[in-house]
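To start, the structure under review is shown below, and the notes come after it.
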Amino acid sequence: MHSANHTLKGEYFFQNNLQLYVNRATENYDLPLHTHDFMELTFVAEGKGFHYIGQQAQQTGKGQLYYIPVGVSHVFRPSSPGPLREPLVVYNCLFKPELLDSLAALIPDPPIASYLEQIRNHQLPAFSVTDLNGSIESLFLALHREVHLPQTGAGSYLLTLFIQLLISIYRLRHDEVQFPLNKQTQFLQILNYVNQEYAQEITLKRLSRSFDWSERHLQRLFKAHTGQTFHHYLQNVRIQKSCLLLVQQPKAPVQLIAEQVGYHDPKTFNLVFKRIIGTTPGSYRQASGRKHPEGPEPGGTTLTRND
């Protein structure tokens, strides 16, 4: 792939002196190979594709996180240019190096402080890690929600989430999140199954039979490696998918969206959606519809922002 001749400017994304922005994007072939004058953490939330960075092309898929420094050329591409059954969906967390200066006083741990200083001083090259226990995905979901559906104290809460994200990445890079490889692979298969078959009638009993683990053991694994019970994990997956469908299908009845993600009782869907997202499905769709594209977004689609 040729060298980038397109640069994304941080002045477009950062507002209210926050120096931090998060968006969700479905990758396509519109955005060219590019650099940016800010730092970027990108998490692959759905699908498979390729990440072109520098002179390399890397296969990528759900659960991969990438750090892209200032001035490094890169772009994500889906597996094929045509309409995809499983699109490549990413979250982008953009931040200015100066943001790390303001966080330094809040980090008492020398290893983490040194790590952030290396990032701040452009001493770390691009890298990637795999989200082994779902902690990275949970943080990106929370960051995205606070940016696009802000509540009182959103700015402060965003910074605390960002600190958690940086520490989680440090731990993953330094092998501080571990469990035996065979168990890890088996449990990742279970998570992938839930993420793909969320609209079906999935129960802990059915998973136990399919993967030959006791229900009690599976429940312990979900709690240990996702921080949630199986029931809550499934709810979060379904509601995350419904958020995407509410935006992609603006005229579809909410009841139809609920059925597409596995809820046959609209009342239950509305209650769970409000508990997780903080607002009703209709209000979420309305808020998303008020955002208008104003320019290119780093994930490959048009970015919206709150003015």
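Coordinate-derived values only; no laboratory data. Just so it is clear, the model here is predicted, and its values are computed rather than measured. With ideal geometry, Cβ positions are generated from the backbone for all residues, glycine too; neighbour counts draw on all protein chains shown.
Go ahead and run the numbers for FRET between Ala57 and Tyr157, Cβ-Cβ distance against an R0 of 30 Å, rounding to 0.05. The calculated FRET efficiency here is 0.20.
Note on Asn16 and His174: the model spin-label points, each 7 Å out from Cα along the C-beta direction, lie 3.3 nm apart.
Classify region 181-289 from the C-alpha gyration tensor, please: rounded if a/c falls under 1.5, else prolate or oblate depending on whether a/b exceeds b/c. Prolate, because a/c is 1.5 or more and a/b exceeds b/c. The alpha-carbon atoms of region 17-118 define a convex hull whose volume equals 116 cubic angstrom per residue.
Note on the chain: Cα-Cα pairs beyond 26 Å make up 48% of the total pair count. Placing R0 at 45 angstrom, the Cβ-Cβ distance between His217 and Ile112 gives a FRET efficiency of 0.85 after rounding to 0.05. Only DSSP H runs of four or more residues enter the estimate; each adds -39500 (n - 2.57), and after division by the residues of the chain the mean residue ellipticity at 222 nm equals -14000 deg cm²/dmol. Projected onto their three principal axes, the Cα atoms of region 93-217 cover extents of 51, 35, 24 Å, largest first. The Val70 and Lys267 beta-carbon pair, evaluated with R₀ = 41 Å, returns a calculated FRET efficiency of approximately 0.25. Taking the average, over residues, of other Cβ atoms within 10 Å as the packing measure, peptides 48-61, 231-244 rank 231-244, 48-61 from highest down.
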